[in-house]
Amino acid sequence: MMGHTSIKNIFALAELATPEQFNAWLKDWKLAVENGTQESLIQFFARERGLSEELFLQRLADSLNWPFLNPSKLDIPPEVRQRISTKVAFQFNLIPVKLENGVLHVAVNDPFNTALLNAVQFDAFCPVEFALATQEEIEKALKKYYGVGAETLDEIAEDEPIELLVPESKEITESDQEASVIKFVNQVIWEAYKDRATDIHFEPSEDELRIRYRIDGILHQTPMPPQLKRYQAALISRIKVMSGMNIAERRLPQDGRINVRIKGEEIDIRVSTVPTVYGESVSLRLLTRGKIFLSLEKLGFAPADEEAIREIIHRPHGIFLVTGPTGSGKSTSLYAFLSTINSIHKRIITIEEPVEYELKGINQIAVRPDIGLTFAMGLRHILRQDPNVVMVGEIRDLETAEIAIRAALTGHLVFSTLHTNDAPSAFTRLIDMGIEPFLVASSVEAVMAQRLVRTICPHCRTEQKLEADYLRRAGFPANEIDSVKLWYGAGCEECRQLGYQGRTGIYELLLLNENLRSLIMNRSPASSISQKAIESGMRTLRMDGWNKVRSGMTTVEEVIRVTQAEEHLGALVGDVKTEMLIK
């Protein structure tokens, strides 16, 4: 293989580095390697030269007379991939791309790595020609075609497959295989974190162990090595060990928690297992420390709603309810409220199931039903602790509702959640639980329903044309439709071809007034309360969603997906009140 002099000449011919620059940069790179840098020689030189890795490699490829490829965009058949072992492909960050006339074409990132070129020649057992590709492109292709952690599973397969068992001493014996299982689980968690996933699901079936990530509220199947099913028991046992569960118990559901630090990032993980026909299904909820502490400005409230919320959360007493289905961001909103009012002068106590994020200066209690610590019991004792503000994770029964209302009526500010589809339904839900209407009317100050909508990827944002009739039928305001410019995401590398990147909230804030309290005390249906609230200025979820569409943040389809059809809105479309709703 060529020495430094040859490489220096190639760089000089490609006008990538003068001989003097080459010598200086090579010395700096070797020093960086000794200090633990992960940068390859190519990446280091590209950065020093002030070029992107892609442009640097294109010029280098021209000089070497090698092709420059984007392997993740190629269709690579299985018989080509099998020419190079998984271990070599991942160890040297390379991927075979085609077999033509008995010659194997391999995309590499570092053409000057002697060990890499020798390993490929030995593995392929046929003539080889090389091409250049960026490290990121090769990593994408490896993940796409081999699956996450494929090289780790190959390490496990070097010996007999194992199953982790707890001996009587309760100690886990370390082994090379066990280290590989640990490495694979960490890889899955790290990949999920990099993809901004909130949940990881290990789902066993008869012939495979499927792993899916939930990203921006939507489930996506992750490419995994085909032999993953063989290591199902070992992987699930490892997760149970990490989360402090009993690994010998496979017949009953279990809950646990993991705190991990991967590549400098601290991640809290809630773990749940349930037994299924083909083994235990495991769900991991990723909670990244620091990301929950959003200010009210960043939650996506309309200015008028944000001002009203700030006024409510600084009141001395009353109940503020947040409603919506699981995964609609209720906890994030409540934590933002608490963080906003948290001060040395207020004693704030919460009771949650579980405590998702730890807030400094706030006393947080985790529900423990197994020892009798329920929401109701915890709330009853919290009131003896002299709190100013109380947060109850969820009002799910009559006893908890009664204590929360009593707390609000005796001078405490109470935050809680309910599982209802919209804000007006919260009143009928409390009354259906058995709370007297006059207590509901006098204690509840505001109810906020919310949903999360995916935001359009800024890198592939494209204008969209939709039929006006379609928008009118969906309940959007007729007098706005013709003048609004609509957008959608066409799909690109940055958003994994989804057209969306990130999420924001849409809200329905109902503020109590005398007219609404009268309806509640008369046990009026939710539709009547909703109609009166709209007349008083409440924006429905769909109307707030329309505002996000008008501002170019999200799409019409996304708003329709997360909001239910609002029959009461039809009468208002085209009405003079519509203009008030969208201001």
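The table below gives the values:
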| item | result |
| --- | --- |
| Proportion of all alpha-carbon pairs of segment 311-466 beyond 24 Å (%) | 34 percent |
| Alpha-carbon centroids, segment 542-558 and segment 1-80: separation in whole Å | 46 Å |
| Apportionment of accessible area to carbon and sulfur, the chain, percent (1.4 Å) | 49 percent |
| Amide H within-cut-off set for LEU486, under 5 Å, with H built and near neighbours excluded | GLN464 |
| Largest to smallest accessible area among HIS381, HIS412, HIS459 [probe 1.4 Å] | HIS459, HIS381, HIS412 |
| Highest average packing first - 491-499, 243-251, Cβ atoms within 10 Å | 491-499, 243-251 |
| Calculated Rg and Dmax of segment 481-526 using C-alpha coordinates, Å | 20.5, 56 |
| Using distinct alpha-carbon pairs, which all enter the 1/r mean, Kirkwood radius of segment 10-61 in Å | 11.1 Å |
| Percent of Cα pairs exceeding the 33 Å cut-off, where the set is the chain | 57 percent |
| Pairs of Cα atoms farther than 15 Å apart, segment 1-93, % | 69 percent |
| Helical contribution to [θ] at 222 nm, DSSP H n ≥ 4, -39,500 (n - 2.57), averaged over the chain, rounded to 500 | -11500 deg cm²/dmol |
| nm² value of the averaged projected area, convex hull over the Cα atoms of segment 317-368 | 4.2 nm² |
| Alpha-carbon Rg/Rh ratio, for segment 398-526, with Rh computed the Kirkwood way | 1.14 |
| Translational diffusion of segment 235-346, µm² s⁻¹ [Kirkwood Rh, Cα pairs; Stokes-Einstein; 4 °C; 1.567 mPa s] | 76 µm²/s |
| Simple Cβ-charge dipole of the chain, Lys/Arg +1 and Asp/Glu -1, about Cα centre, in debye nearest 20 | 1260 debye |
| Rounded to 10°, Cα long-axis angle of helix 53-64 versus longest principal axis of the chain | 20 degrees |
| Alpha-carbon centroid distance for the pair segment 437-506 / segment 418-434, whole angstrom | 25 Å |
| Span from the segment 509-523 Cα centroid across to the segment 91-123 one, whole angstrom | 72 Å |
| Solvent exposure of the chain as accessible area per residue, Å², 1.4 Å probe | 47 Å² |
| Positive-end extreme of charge dipole, segment 245-329 - chosen from THR273, ALA308, ILE319 (charges on Cβ) | THR273 |
| Segment 1-157: Cα Rg divided by the 2.2 N^0.38 Å rule of thumb | 1.05 |
| Solitary cysteines of the chain, where the nearest other Cys Cβ is not under 4.7 Å | CYS126 |
| Whole-Å semi-axes of segment 286-374's equivalent ellipsoid (Cα gyration tensor) | 23, 16, 14 |
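The values are calculated or read from the model by the stated rules, or taken from the named source; none is laboratory data. It should be emphasised that the depicted structure is a prediction, and the values quoted were computed from it without experimental measurement. Here Cβ is always computed from backbone atoms with ideal geometry, including for glycine, and neighbour counts include all displayed protein chains. Side chains included, ligands, DNA and RNA excluded: accessible areas come from the protein's heavy atoms. Shrake-Rupley method; radii C 1.70, N 1.55, O 1.52, S 1.80 Å.
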